[in-house]
Amino acid sequence: MEDTAVLNTNIIVDSPNVVYTDSEIISSYDYSDARVHGNILTPTTERLVFKTERHVPRVGALLVGWGGNNGTTLTAGILANKLGLSWETKEGTKTSNYFGSICKSITVRVGIDDNQKPVYVPLNNVIPLLDPNDLEIWGWDISGVNMGDAMRRAKVLDWNLQQQIYPMLKEMVPMPSIYLPEWIAANQEDRADNLIHGTKFEMMNKIRHDIRDFKNSKGLDKVIVVWTANTEKYCVVRHGLNDTAEHLLNSIREDSDEVSVSTLFAVASILEECTYINGSPQNTFVPGCIELAERFNVLIAGDDFKSGQTKLKSVLSDFIINSGLKLQSVVSYNHLGNNDGKNLSTPETFRSKELSKSGVIEDVVRANRLMYKYDESPDHCVVIKYVPFVGDSKRAMDEYVNEIFMGGKNTIALHNTCEDSMLAAPLILDLIMLAELCTRIQVKRDKDEKFTKMHPVMSILSFLLKSPLVPSGSPIIHCLFPQRYAIINFLKALIGLPPESFLMLEHRLE
Ligand code: NAI
């Protein structure tokens, strides 16, 4: 007999703290922690009320860089799932799935049954989530190649699958985009043939028009914009340029050279009240852009999809340091041969990626000043090389060296073949699905009159991002398990269930 049970239906919580109406789930939730004063700790509990709309509206996603490896893989993958396609490979028949998406492929422990067995439900049965098969998808690309040929150019999916999907994808052509060559590598110039022209202000307005047009023509309630275009170089943050919303809007009106393309897309989305997600490492969200999102109460999330090597690093550094071993050196080599790798082969764009990859071990080190002195941290080095032959099949090789008991050393070497875009596409889906959920949530403190939306900076999505953007003054969490349980426990809070404690006292007491 199985020692766990899986419930494949929507769940109903029977509790005086949870009310279901036709349109909402209202949960009163006790958020517990402890306040620390010197060495005195006082447990605290604050009652919060969450209100979640039950109805999932009609949602569309607009991808910037739609014709790239991620954009084509995601679009083809959704289509294949929608149509229930299967295809032959030398290893046998493969069928469409959403592996790699936590919203579609993981289960959550919600309690125990009468036999004290843990019961799990799929994550998307905890709270109503968007079904990716219902997602309308479209986008912009500086390359005007149709999506069928762009999928072939990407060389990611199996040929037999491509053959089945090609006729449908070839009818889809990306909308023209903004191209400012100085922001990405010069080696991208030969694909830039599908462009908007004009001043920055005019081009941004064209993007706003495209968003409205997409929403109206497809009859959508909500649009989410995702940057999955090339990594840009970092932009300067300067007083008068982009430090406030007003300064940023002025800089756009004045056609300032130092406003990046991705910031133009972010501002356009915010002004159209559309959630904006940055899947690349650059600092799109300059302070003025964040202030604008706060002013318009529009949700934003970033930066840089966390798919392969960094995800593993955020597990391993946690595992090593929280086993009491002193991680002293992390060296990561990557080589990849896709267009992302080609773009990253210039120093400015590489620097954006290097910075994004470097922060990942910081929080776990900072939390342990027992082994690490103040200001001490492990050596951490990241190398990325462009090797066309390996295509999208990125290789990531890491060496971790730990100091162990009584002067010993423990060395861990890893080889990770990433299949980059097939790892990234389901993450993009999760970001869209969870961000959409966040737009349906309102919250208030018990004593407050009014409900408000979530904080515009969605740090709850950190699990999916290498360099999580957080509200000003909030700690940044990189460790994967705390990030994952932040999502799971948050979804449980929305239906009035306690956080996963792992205590299992029902099995540990006499
Ligand atoms: P890609 O190079 O295949 O696709 C990027 C697309 O963006 C290209 O089609 C290009 O023509 C287009 N583009 C460039 N500038 C544009 C603009 N201004 N407007 C519209 N389109 C523009 O790259 P891929 O592999 O799809 O990755 C996309 C981004 O996601 C990169 O920045 C990469 O660093 C980031 N990323 C990817 C991960 C992965 O595992 N695939 C993981 C983490 C981040």
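The values are calculated or read from the model by the stated rules, or taken from the named source; none is laboratory data. Predicted, not measured: the structure shown is a model, and the values here were computed from it. Cβ sites come from the backbone with ideal geometry, for glycine too, and all protein chains shown count toward neighbours.
Considering only segment 101-201, give the strands (runs of 3 or more DSSP E) lying wholly within it that have at least 1 residues that are surrounded by 20 or more Cβ atoms within 10 Å (Cβ to Cβ). Steps first, please.
On the way: elements: 107-112, 118-122, 136-140.
Correct list: 107-112, 136-140.
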| task | Working only within segment 59-82, note down all residues that are assigned to a helix (DSSP H, G or I) and either under 19 Å from Ile211 (Cβ atoms) or free of Cβ contacts under 8 Å to residues at least 40 places away in the same chain (or both). | result | Gly71, Leu74, Thr75
| said: Which pairs turn up if I take residues in segment 328-342 that are touching a residue at least 60 places away in the same chain (Cβ under 8 Å) and look for partners that are in a loop (DSSP other than H, G, I, E, B) and among the basic types (Lys, Arg) with beta carbon separation below 6 Å, at least 6 apart in sequence or on another chain? | reply: Leu336/Lys394
| query | What number of residues within segment 400-446 satisfy the criterion of being within 16 Å of the ligand (Cβ to nearest atom) and either part of a strand (DSSP E or B) or among the basic types (Lys, Arg) (or both)? | reply | 2
| For the subset of segment 173-217 comprising residues that are closer than 11 Å to Ala268 by Cα and β-branched (Val, Ile, Thr), which member is farthest from the ligand (Cβ to nearest atom)? | Ile211
| field | Pairs where the first residue, in segment 375-395, is surrounded by fewer than 18 Cβ atoms within 10 Å (Cβ to Cβ) and of a type in the set (Asp, Glu) and the second is in a strand (DSSP E or B) and at pLDDT 90 or above, C-beta under 9 Å, 6+ apart | value | Asp379/Gln328; Asp379/Ser329; Asp379/Val330; Asp379/Val331; Asp379/Val401
| Which members of segment 287-323 meet the condition of being touching a helix residue (DSSP H, G or I) at 6+ places or on another chain (Cβ under 6 Å) and among the hydrophobic types (A, V, I, L, M, F, W, C)? | Cys289, Leu292, Ala293, Phe296, Val298, Leu299, Ile300, Ala301, Phe305, Val315, Ile321
| task | Answer yes if at least one residue in segment 390-397 is closer than 27 Å to Ile320 by Cβ and away from the ligand (no atom under 14 Å from the Cβ), and no otherwise. | result | yes
| request: Looking at (1) crowded, with 19+ Cβ neighbours inside 10 Å; (2) more than 16 Å from the ligand (Cβ to nearest atom), find the lone condition where Phe265 falls short. | output: (2)
| query | Hey, among the residues in segment 29-52 that are within 28 Å of the chain's Cα centre (by Cα) and either in a loop (DSSP other than H, G, I, E, B) or not hydroxyl-bearing (Ser, Thr, Tyr) (or both), which one's surrounded by the fewest Cβ atoms within 10 Å (Cβ to Cβ)? | reply | Asp33
| said: Please go through segment 45-92 and give me each residue that is in contact with a helix residue (DSSP H, G or I) (Cβ under 7 Å, 6 or more places away or on another chain), of a type outside the set (Ser, Thr, Tyr), closer than 17 Å to Met433 by Cα and within 16 Å of the ligand (Cβ to nearest atom), ordered by number. | reply: Ala61, Leu62, Leu63, Asn70, Leu74, Gly77, Ile78
| request: Please find, among Ile26, Ile12, the residue that is without any contact (Cβ under 8 Å) to a residue 40 or more places away in the chain, touching a Ser or Thr at 6+ places or on another chain (Cβ under 9 Å) and either part of a strand (DSSP E or B) or not acidic (Asp, Glu) (or both). | output: Ile26
| said: Just to be sure before I move on: is Leu299 surrounded by 21 or more Cβ atoms within 10 Å (Cβ to Cβ) and either over 28 Å from Val457 (Cβ atoms) or in contact (Cβ under 8 Å) with a residue 40 or more places away in the chain (or both) in the structure I sent? | reply: yes
| said: Need pairs with beta-carbon distance below 6 Å; first residue on the phi > 0 side of the Ramachandran plot and within segment 412-424, second in a loop (DSSP other than H, G, I, E, B) and more than 9 Å from the ligand (Cβ to nearest atom); sequence gap 6+ or separate chains. | reply: Glu419/Ser393
| remark: Expected output for segment 305-318 (first residue farther than 19 Å from Asn410 by Cβ, partner within 10 Å of the ligand (Cβ to nearest atom) and part of a loop (DSSP other than H, G, I, E, B), Cβ below 6 Å, 6+ apart or cross-chain) is Phe305/Gly279; Lys306/Lys466; Gly308/Cys418; Thr310/Lys466
| query | Within segment 233-262, how many residues turn out to be modelled with pLDDT of 95 or more and within 15 Å of the ligand (Cβ to nearest atom)? | reply | 4
| field | Restricting segment 332-373 to residues that are away from the ligand (no atom under 14 Å from the Cβ) and of a type in the set (A, V, I, L, M), the residue that is farthest from Thr231 (Cα to Cα) | value | Leu370
